[in-house]
Every structure is written in C-alpha cells, then in structure tokens.
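The values are calculated or read from the model by the stated rules, or taken from the named source; none is laboratory data. Quick caveat, the model's predicted, so the values are computed rather than measured. Note that each Cβ is placed from the backbone with ideal geometry, even for glycine, and that neighbours are counted across all protein chains shown. The protein model used for the area step is the full one, side chains on, heavy atoms only, and it has no ligands, DNA or RNA in it. Shrake-Rupley method; radii C 1.70, N 1.55, O 1.52, S 1.80 Å.
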Amino acid sequence: MQSYETRRTTLDPSDMMGLVERFPDDCLRAWESAAAWSVPALPAKHLLLLGMGGSAIGADLLRAYLEPSATIPITVCRDYEVPAFVDADTVCIAISYSGNTEETLSAYADARRRGARGLAISTGGKLQARAAADGVPCFPLAPGLPPRASLPWSFFSLLRVVAGLGIWVEQDAAVRALHARLREAAARWGPAAADSPALALANSLQDSVPIVYGAGRGLPTVAYRWKCQINENPKMAAACAALPEANHNEQAGFSSPHPEADYARLAVVMLTDPAARVEVRNRARVTADYLRGRMPVYEVEAEGDTLLERMLLLILLGDFVSVYLAWVREIDPTPVEAIEWLKGRLAALRGE
Ligand code: F6R
C-alpha cells in the first residue's frame, strides 16, 4: 500500500481518492445544507426522476430506498421523452450536475408539456435558467465535482426534497448513524488502512472484466454503481446483473463447453445482503457455486443495520475499489475523455 500512497499525487493528480474519503462527510454536509430548503407542497400521485449518468444514480438509489415504503410509484427516466402517463398528478424532479445534459433538458421540457409540476436540482447551466424562466424551484448542488462524486449531494438533496413533498418521513437520527458508520468503514477501507479489503479486491480484479451481481433489495442499483465506477475511474469494461432475474437468462450464457476460452477474463463480484429473503440468499449461493468453476468469484456481503446503511456502505466500498483499480493500473481516475469526446461530437452534429 505504502508505494501507492507515496505516489498518490502522481497516480491521482485530481485526488479522486480524496473525494471517496470525503464521501461520508459529504453525505452529512449535503443533508444539513438541504435542511433549509423550502420545498413547495406539491401533491403527487407519481414521482418522476429525470437524469443521466452520474446524476441519475442518486435517483436510482432513492427509488431503491423508498420502494419498500412509498405509497406512490417512483420512476427514473433516462431518456429524451417521458412516459405517456405523465400528467398534472406527476411531480417531476430533473437532476443534472452540469445543468446542460441534453436528454435531461429534453425530458424536463416534455414533462412540463404534459402538465407535470417540476422541481430541479443542479449546479446551474441551462436547467437552472429554464427552471427560473418557468418559475420552478432549482435547488443547488455543491460545485466543482466530477458528477459521479456528487452522489452524496444528489441523493441527500433528493431525500430532503421527497421529505418536503411528504413522500418520505425525515429520519435525522438515521442519517447521523449512517454518517458514523460510513466514517468508520472509510477508515478501514481507505488508503490509511494497513490492510484494506478494497485494495485486495482491486488487486484481484485488475486484469479482469468484472461482472457485478446485486442480490437483494436495492443491491442491483448498488451493482450498477460499482459497474459505472469501474468503467469511469480505472477505464475498464465491466457489466452488472441482478438476482433473481439473471438466473432466468444470463445463467445460460455461462454454460459454454469452452469456458477457458469464452470466459478467460471474466470475474464475478457477488454483492449479497444478509437481510435479504432466504430465497434470494439461496440464489446468490447457488449461482456463485455454479460460476466458481468457470471464473473467479468474489463474494462481498453488505454491512449495516438498515437498508440505507447496507446500500450506502456497499457503494462506498465499490467507490474505493474503483479508485484502487485506477491506482494499481496506473490510470488517472478523474478524466473521462471518452465521455467528453462523445459529448463534443454530438454538439458538433447539433451545429454548436
Ligand atoms: C460521471 C459523468 C457522467 C455525467 C452525465 C450527465 O462522472 O460525468 O455520467 O453525470 O454525462 O451529466 P450531468 O450529470 O452533468 O447531467
């Protein structure tokens, strides 16, 4: 570890690891700074969350967290157009870190056209300007971050907003308990730890194409965050899958008679939840047993007393693993040139 820590400024010049280390405190900061927001009372029969990429993952997490208790449907839309059910009974929250993401802006306009009452969360950009012109409240995110590192801000901002809307009952003590657990975990998993299991997993995964499975409530969303962080920080191909669904299709893809050739670089990370229902835990165990003969399988069990703790602790662990992967592969975790290149090419096609 020491050799990476001493080379930290060259391996990670924009300090992505520092942003992951700050994740626990950012959760609390985001929660506290959103306490003063005045969220309009908008009765909703449906909650629609709009966003893309690093801005949408906070929305996914919110949906996964609220699903067991919310009494209205919650939909996350990552597209130019919103579903046809959207109407005046829908409250729509558009989230874009930059405020300039074309799909989110288009979906926001579509939702407004269909009569949805809107809210926005952004650092600025066109979304903030359009919200101001529409008389729609736009709540701020902390500026100066790569969007994927703004997850604590987007998620806890959304939690405050849904509490203001009456969709969730505020749980200040639960957020403070979560903060303490995240801090304690960050000390065990971060670069100051003598024996970080996150670094050990990164060392095991560094030459592979990881497939991250999420088995249990909320864990498919966490698996998706792991995949995206592994794509963006160490610039690695990765995939994710959800149990039980993967047992009904993906499973067959691992039955090739030529496993050595077909699965040469694959490795599975199985995220499990001790609180998941027994059927799902059985599926995770049996699936891992099946795959083990064909590729390396690493099982990671969620920690935490509540669904919120289990999801966020596992996300923090995955964030550490992804930055360690960048370090061990000697790739700067922060720039995502391929995403910027694509956005530039599309802007040129629009004549901008
Ligand atoms: C992640 C990242 C992207 C953006 C996405 C949408 O670090 O850069 O996934 O989050 O392209 O952009 P924003 O978040 O500005 O709406």
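List of remarks:
- Enumeration of residues in region 98-122 that are part of a strand (DSSP E or B) and open to solvent by 70 Å² or more (accessible area, probe 1.4 Å): 117
- Subset of region 91-115 [away from the ligand (no atom under 13 Å from the Cβ) and out of contact with any helix residue (DSSP H, G or I) (no Cβ under 7 Å at 6 or more places or on another chain)]: 91, 109, 110, 111, 113, 114, 115
- Looking across 83, 68, one residue alone is of a type outside the set (Val, Ile, Thr) and open to solvent by less than 60 Å² (accessible area, probe 1.4 Å). It is 83.
Okay, residues lined up against (1) closer than 17 Å to residue 163 by Cβ; (2) more than 16 Å from the ligand (Cβ to nearest atom); (3) in contact with a strand residue (DSSP E or B) (Cβ under 9 Å, 6 or more places away or on another chain):
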position: 40; (1), (2), (3): yes, yes, yes
position: 45; (1), (2), (3): no, yes, yes
position: 52; (1), (2), (3): no, no, yes
position: 65; (1), (2), (3): yes, yes, no
position: 72; (1), (2), (3): yes, yes, yes
position: 76; (1), (2), (3): no, no, yes
position: 83; (1), (2), (3): no, yes, yes
position: 86; (1), (2), (3): no, yes, yes
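- Subset of region 194-210 that is of a type in the set (S, T, N, Q) and under 27 Å from residue 251 (Cβ atoms) - its residue that is surrounded by the fewest Cβ atoms within 10 Å (Cβ to Cβ): 204
- Pairs with Cβ under 8 Å, 6+ apart, first in region 250-263 and closer than 19 Å to residue 214 by Cβ, second surrounded by 12 or more Cβ atoms within 10 Å (Cβ to Cβ) and among the charged types (D, E, K, R): 254/294
- Region 211-299 holds helices (runs of 4 or more DSSP H) entirely within its bounds, and those carrying 1 or more residues that are crowded, with 21+ Cβ neighbours inside 10 Å map to 219-232, 278-292.
Okay, residues lined up against (1) touching a Ser or Thr at 6+ places or on another chain (Cβ under 6 Å); (2) within 16 Å of the ligand (Cβ to nearest atom); (3) more than 30 Å from residue 193 (Cβ to Cβ):
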{"residue": "305", "(1), (2), (3)": "no, no, no"}
{"residue": "310", "(1), (2), (3)": "no, no, no"}
{"residue": "314", "(1), (2), (3)": "no, no, no"}
{"residue": "321", "(1), (2), (3)": "no, no, no"}
{"residue": "330", "(1), (2), (3)": "no, no, no"}
{"residue": "335", "(1), (2), (3)": "no, yes, no"}
{"residue": "341", "(1), (2), (3)": "no, yes, yes"}
{"residue": "351", "(1), (2), (3)": "no, no, yes"}
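- For beta carbons closer than 6 Å, sequence separation of 6+ or different chains, a first residue in region 275-296 that is closer than 25 Å to residue 208 by Cα and a second that is open to solvent by less than 90 Å² (accessible area, probe 1.4 Å) and of a type in the set (S, T, N, Q), the qualifying pairs are 283/247; 284/272.
- Residue list for region 116-160, filter: within 18 Å of the chain's Cα centre (by Cα), away from the ligand (no atom under 15 Å from the Cβ) and aliphatic (A, V, I, L, M): 159
- Among the residues making up region 27-57, those that are buried (at least 22 other Cβ atoms within 10 Å of the Cβ) and in contact with a Pro (Cβ under 6 Å, 6 or more places away or on another chain) are 27, 30, 54, 55.
- When each of 175, 169 is tested for being free of Cβ contacts under 8 Å to residues at least 12 places away in the same chain and more than 14 Å from the ligand (Cβ to nearest atom), the lone residue that passes is 169.
- Matching option when the condition is more than 16 Å from the ligand (Cβ to nearest atom), within 26 Å of residue 179 (Cβ to Cβ) and either more than 18 Å from the chain's Cα centre (by Cα) or among the acidic types (Asp, Glu) (or both), among 261, 275: 275
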